[in-house]
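Below: the structure, in structure tokens.
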Amino acid sequence: MKVEVLYIAGCPNHKPAVARLQQALGTAGLSAEIQETEVRDAAMAQQVGFLGSPSVRVNGLDVEKEARATRTFGFGCRSYTESGGRTGLPSLDLIHKALAEVAPEDTEAKA
């Protein structure tokens with residue numbers, strides 16, 4: 001399983017996103033190396049399909065299903081939908097759902 005966090009330098013949500021991802025992996029009983037990639041400029045953002053900082057992907061899929069069809073990439077901050085509002089971090093629930101999508105038998109048995 002490939003797990004990654006894409007971020008821009010100075011993003012205050014980068015390290016908390018990594019910590020939340022580690023927590024979600026632990027709760028699901030999964031282990032994976034988290035690849036952290038710094039997106040350095042707008043050209044790189046276009047190249048990697050960057051939706052903003054931090055972006056969390058599991059096996060190349062963004063954890064926020066609704067964002068997967070987005071083709072407008074940029075170099076800036078990111079927000080996630082949670083409880084009818086917006087927040088700078090993906091929720092544990094969002095991450096768990098993404099993990100279950102790629103490893104359903106592992107996460108359902110341990111959740």
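The values are calculated or read from the model by the stated rules, or taken from the named source; none is laboratory data. Note that the structure is predicted; figures quoted are calculated from it, not measured. Positions of Cβ are generated from backbone atoms using ideal geometry, with glycine treated the same way; all protein chains shown enter the neighbour counts.
Taking every residue in the range 22-49 that is closer than 21 Å to THR70 by Cβ and in contact (Cβ under 8 Å) with a residue 12 or more places away in the chain and pairing it with any residue that is part of a strand (DSSP E or B) and of a type in the set (Phe, Trp, Tyr), at least 6 positions away or on another chain, the pairs with Cβ-Cβ distances below 9 Å are THR37/TYR7; GLU38/TYR7; VAL39/TYR7. Among the residues of the range 44-55, is any loosely packed, with under 13 Cβ neighbours inside 10 Å and small (Gly, Ala, Ser)? Taking every residue of the range 44-55 in turn, none turns out to be loosely packed, with under 13 Cβ neighbours inside 10 Å and small (Gly, Ala, Ser).
Inside the range 34-62, can you point out the residues that are among the polar types (S, T, N, Q), under 12 Å from the mean Cα position of the chain (by Cα) and either part of a strand (DSSP E or B) or farther than 23 Å from LYS97 by Cβ (or both)? Hits for the range 34-62 are GLN35, THR37, SER53, SER55. Scanning the range 6-33 for residues that are under 20 Å from CYS77 (Cα atoms) and in a helix (DSSP H, G or I) gives HIS14, LYS15, PRO16, ALA17, VAL18, ALA19, ARG20, LEU21.
Per-residue answers, yes or no, for (1) out of contact with any strand residue (DSSP E or B) (no Cβ under 6 Å at 6 or more places or on another chain); (2) farther than 19 Å from LEU94 by Cβ:
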{"site": "GLU4", "(1), (2)": "no, no"}
{"site": "ILE8", "(1), (2)": "no, yes"}
{"site": "ALA24", "(1), (2)": "yes, no"}
{"site": "ILE34", "(1), (2)": "no, no"}
{"site": "SER55", "(1), (2)": "no, no"}
{"site": "ALA69", "(1), (2)": "yes, no"}
{"site": "TYR80", "(1), (2)": "no, no"}
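On the given criteria, is LEU61 surrounded by fewer than 21 Cβ atoms within 10 Å (Cβ to Cβ), among the hydrophobic types (A, V, I, L, M, F, W, C) and touching a residue at least 60 places away in the same chain (Cβ under 8 Å)? If you could, list the steps in order and put the result at the bottom.
Values: surrounded by fewer than 21 Cβ atoms within 10 Å (Cβ to Cβ): yes; among the hydrophobic types (A, V, I, L, M, F, W, C): yes; touching a residue at least 60 places away in the same chain (Cβ under 8 Å): no.
Taking the combined requirement at face value, the residue does not satisfy it.
Pairing each residue of the range 92-111 that is charged (D, E, K, R) with any residue that is at pLDDT 90 or above and loosely packed, with under 14 Cβ neighbours inside 10 Å, provided the two are 6+ apart or on different chains, yields C-beta distances under 6 Å for LYS110/GLY29.
Being closer than 18 Å to MET1 by Cα, surrounded by 15 or more Cβ atoms within 10 Å (Cβ to Cβ) and not acidic (Asp, Glu) is the requirement here; does ALA24 meet it? Against the criterion (closer than 18 Å to MET1 by Cα, surrounded by 15 or more Cβ atoms within 10 Å (Cβ to Cβ) and not acidic (Asp, Glu)), ALA24 qualifies.
Among the residues of the range 70-94, those identified as farther than 21 Å from GLN22 by Cα and in a loop (DSSP other than H, G, I, E, B) are THR70, ARG71, THR72, PHE73, GLY74, PHE75, GLY76, SER83, GLY84. Within the range 67-111, the only residue that satisfies the criterion of being closer than 13 Å to THR27 by Cβ, among the polar types (S, T, N, Q) and at pLDDT below 85 is THR107.
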